[in-house]
1. Which residue, of H45, H79, is surrounded by 11 or more Cβ atoms within 10 Å (Cβ to Cβ), touching a Lys or Arg at 6+ places or on another chain (Cβ under 8 Å) and in a loop (DSSP other than H, G, I, E, B)?
2. Take the conditions over 18 Å from R138 (Cα atoms), exposed (fewer than 15 other Cβ atoms within 10 Å of the Cβ) and among the charged types (D, E, K, R) and apply them to E93. Does it pass?
3. Could you please find all residues in region 78-119 being small (G, A, S) and within 30 Å of G37 (Cβ to Cβ)?
4. Going by the conditions given, is M89 more than 29 Å from V40 (Cβ to Cβ) and aliphatic (A, V, I, L, M)?
5. Which ones in region 2-41 are part of a strand (DSSP E or B), within 18 Å of the chain's Cα centre (by Cα) and surrounded by 16 or more Cβ atoms within 10 Å (Cβ to Cβ)?
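Values in this text are rule-based calculations from the coordinates and carry no lab data. Just so we're clear, the structure is a prediction, and the values are computed from it rather than from any experiment. Positions of Cβ are backbone-derived with ideal geometry, glycine not excepted, and every protein chain shown enters the neighbour counts.
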Amino acid sequence: MISKSFCKQVTTKNAPEFIDITTWVSECVSKSNISNGFAVVFSKHTTAAVKINENEPLLLDDMATFLEKIFPRDHNYQHNNFEIRTVNMNDDESPNGHAHLQHLLLGTSETVPVIDGEVQFGTYQSVFFIELDHPRPREVMVHVIGE
């Protein structure tokens, strides 16, 4: 069993923002020299997600609208009340309760099979790094495990 890890910094510009990282994930699998196993694509953040879906512009708009409808940015979240919140506070803390709750729906990672050295994506599948909070540098990881 062999494993190889790859990290990439992604600078986001909007929220929500769906960044297609499919090509990079495939390149990581190729560089790993692993023929058969799986690749885990992982966001190192609690307000940025990783999901597999179709890269079609109108669908991406629909997904952004859905996330905003379920957990709107302007809702009154306790997490955003900096007068009572005392845990995990930073100098540049932002009111991002919506982003944490959206992340709860989407998740942190996706796992994809690797067969004969290639990631087994379906016809319309793309891997997205999804910014849910606000623009900034982020980190995404691919960990390939197999033989």
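1. Only one candidate qualifies: H45.
2. No.
3. If the condition is that a residue be small (G, A, S) and within 30 Å of G37 (Cβ to Cβ), then G107, S109, G117 are the ones that fit.
4. When the stated conditions are applied, M89 passes them.
5. Within region 2-41, F6, V10, E17, F18, I19, F38, A39, V40, V41 meet the criteria.
Let's see how each residue does on (1) surrounded by 13 or more Cβ atoms within 10 Å (Cβ to Cβ); (2) in contact with a strand residue (DSSP E or B) (Cβ under 8 Å, 6 or more places away or on another chain); (3) touching a residue at least 40 places away in the same chain (Cβ under 8 Å):
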position	(1), (2), (3)
V87	no, no, no
H100	yes, no, yes
S109	yes, yes, yes
V112	yes, yes, yes
S126	yes, yes, yes
